[in-house]
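Quick notes on the structure that follows.
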């Protein structure tokens, strides 16, 4: 089962790079900017509405987000925006996202928008704190690396092409 999942992820990755990138397979976001009020030690934050305490669902993507995936109904770990306009597709399970990032694995997220394109700005807030981070993805939704400055449940306020949405992602140590 693990080999099958790994083979499927590899096939999807190759398809997406070929289908959605023109020369640069990864957008290089501006590193997260942190607010001045930062605690010296941060514990993993508690639950949010879309599952920060646990793993994101591993299920077929919404029909509108399946372009480039073979088979189109392949189960992938993902988190849907509250308004249903964007989905964050993750590339590992369990614990897809790490803070700080692991030396041998990036915090890769494929953003797929249902409504439009345009530069994507992520304003993130760590649950239970005043800690914030901002990431700009000038090429808009698509493949990206998104690092957060501390582990925990981060609420991401997303804006792109005149649209907004919100979702929460869990980063582990």
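Worth a mention:
- Restricting attention to segment 85-99, the residues that are out of contact with any strand residue (DSSP E or B) (no Cβ under 8 Å at 6 or more places or on another chain) and either at pLDDT 95 or above or in a helix (DSSP H, G or I) (or both) add up to 0.
- Every test in (1) modelled with pLDDT of 95 or more; (2) assigned to a loop (DSSP other than H, G, I, E, B); (3) exposed (fewer than 14 other Cβ atoms within 10 Å of the Cβ) is passed by residue 64 save one, and that test is (2).
- Of the residues making up segment 133-147, those that are surrounded by 22 or more Cβ atoms within 10 Å (Cβ to Cβ) and in a loop (DSSP other than H, G, I, E, B) are 141, 146.
- Test: residue in segment 127-138 that is within 17 Å of residue 77 (Cα to Cα) and modelled with pLDDT of 95 or more: no
- Qualifying residue in segment 69-80 (condition: at pLDDT 95 or above, in a loop (DSSP other than H, G, I, E, B) and either within 15 Å of the chain's Cα centre (by Cα) or at positive phi (or both)): no
- Condition check for residue 150: assigned to a strand (DSSP E or B) and either touching a strand residue (DSSP E or B) at 6+ places or on another chain (Cβ under 9 Å) or within 19 Å of residue 62 (Cα to Cα) (or both): no
- Residue list for segment 65-75, filter: over 17 Å from residue 114 (Cα atoms) and touching a residue at least 24 places away in the same chain (Cβ under 8 Å): 70, 74
- Positions within segment 92-105 being touching a residue at least 40 places away in the same chain (Cβ under 8 Å) and over 18 Å from residue 54 (Cβ atoms), in sequence order: 100, 101
- Residues in segment 100-130 that are over 19 Å from residue 65 (Cα atoms), part of a loop (DSSP other than H, G, I, E, B) and over 13 Å from the mean Cα position of the chain (by Cα): 100, 101, 103, 104, 127, 128, 129, 130.
- No other residue among 161, 142 is free of Cβ contacts under 8 Å to residues at least 60 places away in the same chain and within 22 Å of residue 84 (Cα to Cα) apart from 161.
The values are calculated or read from the model by the stated rules, or taken from the named source; none is laboratory data. From a predicted model like this one, the values you see are computed outputs, not experimental measurements. Cβ coordinates were reconstructed from backbone atoms using ideal geometry, including for glycine residues, and neighbour counts include every protein chain displayed.
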